[in-house]
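Enquirer: Provided herewith is a single structure, encoded as structure tokens, for subsequent inquiry.
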Amino acid sequence: MWCLMTDANNIVFLNGQYMPLSEAKISPMDRGFLFGDGIYEVVPSYNTKLVGFALHIQRLKDGLDAIGIKLYMGLNEWREIAQNLMDKNGGGNLGLYFHVSRGADNKRSHAFPEHIQATVFAYAFGIEAVPLINKQNVKQFRVTSTEDLRWKRCNIKSTSLLGNVMHFQESRNKGVQETLLFNQSNELTEASACNVFMVKNGVVITPALDHQLLPGITRCMLLDILRKEGSLQVQERVVNMTEVRDADEVWLTSSSKEIVPVVELDGQPVGNGTVGDIWQFAQLLYSANKYNY
Ligand code: PLP
């Protein structure tokens, strides 16, 4: 269900209170605003059923630990906020955005201030219903590729997203949907807002986790689901761009998009330039199992 959300009827959570988005205010001295000093998460929900919630909250906690923000909120407190946002915003298909910044100081100084309270913000936004698992109707992505010019801590889901935003905008400027990123050794890292998978001769391959890519929750769930089903070989390893250009299929994964088939890379067809059978198999399996996480 799509509902028209305006700033006045979109109820958000800010520092312990629920209010219309139009009334939610933070200080311009907030370090999230000044430095991008914060961590965020996006969790999908379909008809109020959350996907991968505990995994998302664990990644949020890992991110807060990694940047030294102390916030004593447990899984149940986050779950209560998620439930309240879904209830107050009409349910349906909603993405839930959670954001914790280090908070506001009274001066701008790079050093972490000692005695400020973290700013906690969460809001809901409409997302598309479960994707069509149909090769003919699914949205096919065309992508380009470029050297990954972001920082060396891409495993942290930081709100400092300018590097990602600039790479994403490159794809917009070229009239395609995403940008695949590779490091100086011509190895695939991820895309500006998604993880990347490729398929070659029936083997599903994705870059191994390290500081160069986000440990995507969709990636993690998909790998687990494929391994449990067991009929396809799955590899997490270094992936060279030459292999990606020679792949039979390329997919993007993210919480709001699930698994997206890529049919064109840098103007060249991926495989035979159509949506692959293994994508269809993987998306079917993912849809059938995603609420188990
Ligand atoms: N990589 C980047 C850079 C992202 O921004 C995202 C999602 O926002 C992903 C990967 C996919 O992560 P997830 O599956 O947890 O949504």
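The values are calculated or read from the model by the stated rules, or taken from the named source; none is laboratory data. Owing to the predicted nature of the structure, the values given are computational and were not obtained by experimental measurement. Every residue, glycine as well, gets a Cβ built from its backbone with ideal geometry; the counts of neighbours run over all protein chains shown. These accessible areas exclude ligands, DNA and RNA; they are computed on the full protein's heavy atoms, side chains included. Shrake-Rupley method; radii C 1.70, N 1.55, O 1.52, S 1.80 Å.
Enquirer: Take the range 137-183 and flag every residue that is assigned to a loop (DSSP other than H, G, I, E, B), modelled with pLDDT of 95 or more and of a type in the set (Val, Ile, Thr).
Expert: Across the range 137-183, the qualifying residues are Ile156, Thr159, Val176.
Enquirer: Okay, moving on. Return a yes/no flag: does the range 257-268 have any residue that is surrounded by fewer than 18 Cβ atoms within 10 Å (Cβ to Cβ), within 14 Å of the ligand (Cβ to nearest atom) and touching a residue at least 12 places away in the same chain (Cβ under 8 Å).
Expert: No, every residue in the range 257-268 fails to be surrounded by fewer than 18 Cβ atoms within 10 Å (Cβ to Cβ), within 14 Å of the ligand (Cβ to nearest atom) and touching a residue at least 12 places away in the same chain (Cβ under 8 Å).
Enquirer: When you look at Cys220, is it within 11 Å of the ligand (Cβ to nearest atom), assigned by TED's automatic domain parsing to the domain that holds Leu162 and either among the hydroxyl-bearing types (Ser, Thr, Tyr) or surrounded by fewer than 23 Cβ atoms within 10 Å (Cβ to Cβ) (or both), yes or no?
Expert: For Cys220, the condition - within 11 Å of the ligand (Cβ to nearest atom), assigned by TED's automatic domain parsing to the domain that holds Leu162 and either among the hydroxyl-bearing types (Ser, Thr, Tyr) or surrounded by fewer than 23 Cβ atoms within 10 Å (Cβ to Cβ) (or both) - is met.
Enquirer: Specify the residue that is farthest from the ligand (Cβ to nearest atom); the eligible residues are those in the range 244-256 that are open to solvent by 10 Å² or more (accessible area, probe 1.4 Å) and closer than 22 Å to Glu170 by Cβ.
Expert: Among them, the one singled out is Arg245.
Enquirer: Which residue, of Gln58, Gln17, is within 20 Å of Ile156 (Cβ to Cβ) and free of Cβ contacts under 8 Å to residues at least 24 places away in the same chain?
Expert: When all the criteria are applied, what remains is Gln58.
Enquirer: Mind counting the residues in the range 184-197 that are part of a strand (DSSP E or B) and either within 15 Å of the ligand (Cβ to nearest atom) or basic (Lys, Arg) (or both)?
Expert: Total satisfying the criteria: 7.
Enquirer: Look at the range 138-158 and say how many of its residues are within 12 Å of the ligand (Cβ to nearest atom) and open to solvent by less than 20 Å² (accessible area, probe 1.4 Å).
Expert: 2
Enquirer: May I ask you to verify whether Gly95 is modelled with pLDDT of 95 or more and over 16 Å from Ile11 (Cα atoms)?
Expert: Criteria not met by Gly95.
Enquirer: Go through the range 50-60 residue by residue and tally those that are more than 11 Å from the ligand (Cβ to nearest atom) and surrounded by 19 or more Cβ atoms within 10 Å (Cβ to Cβ).
Expert: Residues that pass the stated criteria total 3.
Enquirer: Further question: Quick one: in the range 160-183, which of the residues that are more than 11 Å from the ligand (Cβ to nearest atom) and touching a strand residue (DSSP E or B) at 6+ places or on another chain (Cβ under 7 Å) is most open to solvent (accessible area, probe 1.4 Å)?
Expert: The qualifying residue most open to solvent (accessible area, probe 1.4 Å) is Lys174.
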